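A.B. asks: A single structure is presented below for examination.
The values are calculated or read from the model by the stated rules, or taken from the named source; none is laboratory data. Computed from a prediction, not measured in an experiment: that's the story for all the values here. Neighbour counts are summed over all protein chains in view; Cβ atoms, including those assigned to glycine, are modelled from backbone coordinates with ideal geometry. Side chains are part of the model used for accessible areas, which takes the heavy atoms of the whole protein and leaves out ligands, DNA and RNA. Shrake-Rupley method; radii C 1.70, N 1.55, O 1.52, S 1.80 Å.
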Amino acid sequence: DTPDKMRALIDLRVDGIITDFPDMLQDVLKEEKAAHPADAAYFASFDVAAHRGGRGLRPENTLPSFEDGLDHLATTLETDTGVTTDHVSMIWHDQYLNPQSCRHADGTPYTLENRVYTRDISSTEAQRTFICDKLHTQFPKQTYDLALSPVAVAFAKHEHLISPYVPTNIEQLFHFVAFYVKYYTTGPGRSNPDA
């Protein structure tokens, strides 16, 4: 993802772009919209898809990454799922909870040798056992700073999760988006000038 690549795709008038950096894409769209005022309808319907929630800025497929995508006005939250032993559609890209992204909540070592596959764990056990807050070097702007994720923190507390970075599931993501809207319309974030 670079601004030049984004501009090249926009010049082709694609319907949208899936990006790890919804913030960057929004900046490019703002510039392009100003440069092409006659194409207002095109820009109004453009789909900003936050890849795995916007993994360039927060650890992927976590509540904070989805919050970041929403903060940057993504119209789509792109994600992947796998089915757990309790038949829940857990959000995760790999077939297993990747030790490059996740750690055991109790501090015991978690490695590729003892990796846990989505199909072999219940969603409840995954949320009690794993925290997926590791940063990736290919994304130097990525952070796990919870101060930047107030809605994810509040939602995790509301849902009694051990961390906003536990593996989440599709149903929770839908609840989270509704919680996000409420947070900024009638909740603690309603006085935020960017809400």
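A.B. asks: Could you identify which residue out of His72, His51, His175 has the top mean-square fluctuation in a GNM of the chain using Cα springs shorter than 10 Å?
C.D. replies: Looking only at His72, His51, His175, the largest GNM fluctuation is found for His175.
A.B. asks: Accessible area of segment 88-163 with a 1.4 Å probe: how many percent of it is carbon plus sulfur? Kindly include the intermediate steps, with their values, before the conclusion.
C.D. replies: Details: 2230 of 4290 Å².
C and S fraction of accessible area: 52 percent.
A.B. asks: In deg cm²/dmol and to the nearest 500, what is the mean residue ellipticity at 222 nm of the chain if only DSSP H runs of at least 4 residues count, each as -39500 (n - 2.57), divided by the residue total?
C.D. replies: Taken over the chain, the calculation gives -10500 deg cm²/dmol.
A.B. asks: Same structure, new question: How large is ³J(HN,Hα), in whole Hz, for each residue of segment 27-33 in order, when computed from phi with the Karplus curve 6.51 cos²θ - 1.76 cosθ + 1.60 and θ = phi - 60°, using x for Gly and Pro?
C.D. replies: Rounded to whole hertz, the list is 4, 5, 4, 4, 5, 5, 5.
A.B. asks: Hey, can you find the accessible area per residue of the chain for me, probe 1.4 Å, expressed in square angstrom?
C.D. replies: 52 Å²
A.B. asks: Enumerate the amide H contacts of Gly16 below 5 Å, restricted to partners 5 or more residues apart or on another chain; note that Pro and chain-start residues carry no placed amide H.
C.D. replies: Result for Gly16 returns Asp47.
A.B. asks: Given the options Ile91, Ile170, Ile131, state which has the largest fluctuation in a GNM of the chain using a 10 Å cut-off (strictly under) for Cα springs.
C.D. replies: Ile170
A.B. asks: Then there's this: Running a GNM on the chain with Cα contacts under 10 Å, which residue among Pro22, Pro167, Pro150 ends up with the highest mean-square fluctuation?
C.D. replies: Pro150
A.B. asks: From the phi of every residue in segment 72-85, what ³J(HN,Hα) in whole Hz does the Karplus formula 6.51 cos²θ - 1.76 cosθ + 1.60 yield, where θ is phi - 60° and glycine or proline is x?
C.D. replies: 9, 6, 4, 8, 9, 9, 7, 7, 10, 9, x, 9, 8, 5
A.B. asks: If you don't mind, there's one more thing I want to ask. Enumerate the amide H contacts of Val116 below 5 Å, restricted to partners 5 or more residues apart or on another chain; note that Pro and chain-start residues carry no placed amide H.
C.D. replies: Leu97
A.B. asks: In addition: Quick check: net charge around Ala126, other residues with Cβ under 12 Å of its Cβ, Lys/Arg +1 and Asp/Glu -1?
C.D. replies: -1
A.B. asks: I've got another one for you. What label, among (i) -0.33, -0.97, -1.04; (ii) -0.28, -1.11, -1.20; (iii) -0.21, -1.02, -1.16, belongs to log10 I(q)/I(0) by the Debye sum over Cα atoms at q = 0.08, 0.17, 0.18 Å⁻¹ computed from the structure on display?
C.D. replies: (ii)
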